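The values are calculated or read from the model by the stated rules, or taken from the named source; none is laboratory data. All figures in this text were calculated on a predicted structure; none of them were measured in a lab. Because the Cβ atoms are built from the backbone with ideal geometry, glycine has one as well, and the counts that use them run over all protein chains shown. All accessible areas refer to the heavy atoms of the entire protein, side chains included, with ligands and DNA or RNA removed. Shrake-Rupley method; radii C 1.70, N 1.55, O 1.52, S 1.80 Å.
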Amino acid sequence: MVTYKQDLENVDWEEMKATLSQDKFDNGRSPEQLRASFTNSYATCIAYAGDRIIGTTRVLSDGICNAYIVDVWTFTPYRHQGIASTMMRILLGKLQGQHVCLVTDDSIQFYKKLGFTETETCMEQTIGKWLRNTLLAEG
Ligand SMILES: CC(C)(COP(=O)(O)OP(=O)(O)OC[C@H]1O[C@@H](n2cnc3c(N)ncnc32)[C@H](O)[C@@H]1OP(=O)(O)O)[C@@H](O)C(=O)NCCC(=O)NCCS
């Protein structure tokens, strides 16, 4: 069974690094750098099969108007089961009122299904109504 965790309690960063490396999706961060990247993010979602990490997503955000999604990955044996879509929906649910961007080369269709539009520089969407979040805009 796949479970989705939004907190970073007990994350085994060595294991995350090893699985990313095995899956040829290691961009060179040490386990400690992975921990810092995820800890310093606005929100994260990690997918587990049992206690094994099989997917990641995280978002950088000011909490009001701009967000940037990175580290979207599903371990190859677990792809095409909706895992990345679920992680993305969990993150997008925390970005109400914000303009969300990401950069991708070859996953354009995947992100289009999640409501993103392709522009010259990135893929983007605004979640709900611009600036309509907990700190409401004036006027
Ligand atoms: C892109 C990526 C994150 C998608 O992960 P995933 O968990 O396989 O994604 P999902 O299962 O949610 O959706 C992917 C595809 O599976 C399909 N799918 C979803 N549930 C499915 C199911 N139960 N059965 C079969 N297919 C399914 C989706 O329709 C989608 O199809 P498409 O690729 O033809 O459009 C994954 O391929 C990956 O990690 N790639 C390498 C890293 C990468 O490129 N990340 C993006 C960087 S910006």
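With respect to the conditions (1) touching a Phe, Trp or Tyr at 6+ places or on another chain (Cβ under 9 Å); (2) charged (D, E, K, R); (3) not in a helix (DSSP H, G or I), Arg35 lacks only one, and its number is (3).
Sub-7 Å Cβ pairs linking a first residue in region 115-134 that is under 13 Å from Ala67 (Cβ atoms) to a second residue that is open to solvent by 60 Å² or more (accessible area, probe 1.4 Å) and part of a loop (DSSP other than H, G, I, E, B), at least 6 apart or interchain, are Cys122/Val103; Ile127/Gln96; Gly128/Gln96; Asn133/Gln96, ordered by first then second residue.
Working only within region 62-98, note down all residues that are touching a Lys or Arg at 6+ places or on another chain (Cβ under 6 Å) and over 27 Å from Met1 (Cβ atoms). If the condition is that a residue be touching a Lys or Arg at 6+ places or on another chain (Cβ under 6 Å) and over 27 Å from Met1 (Cβ atoms), then Gly97 is the only one that fits. Among the residues of region 83-103, is any open to solvent by 20 Å² or more (accessible area, probe 1.4 Å), within 8 Å of the ligand (Cβ to nearest atom) and either in contact with a strand residue (DSSP E or B) (Cβ under 9 Å, 6 or more places away or on another chain) or within 17 Å of Leu20 (Cα to Cα) (or both)? For region 83-103, residues open to solvent by 20 Å² or more (accessible area, probe 1.4 Å), within 8 Å of the ligand (Cβ to nearest atom) and either in contact with a strand residue (DSSP E or B) (Cβ under 9 Å, 6 or more places away or on another chain) or within 17 Å of Leu20 (Cα to Cα) (or both): present.
Scanning region 59-82 for residues that are closer than 22 Å to Lys129 by Cα, open to solvent by less than 80 Å² (accessible area, probe 1.4 Å) and within 12 Å of the ligand (Cβ to nearest atom) returns a single hit, Ile69.
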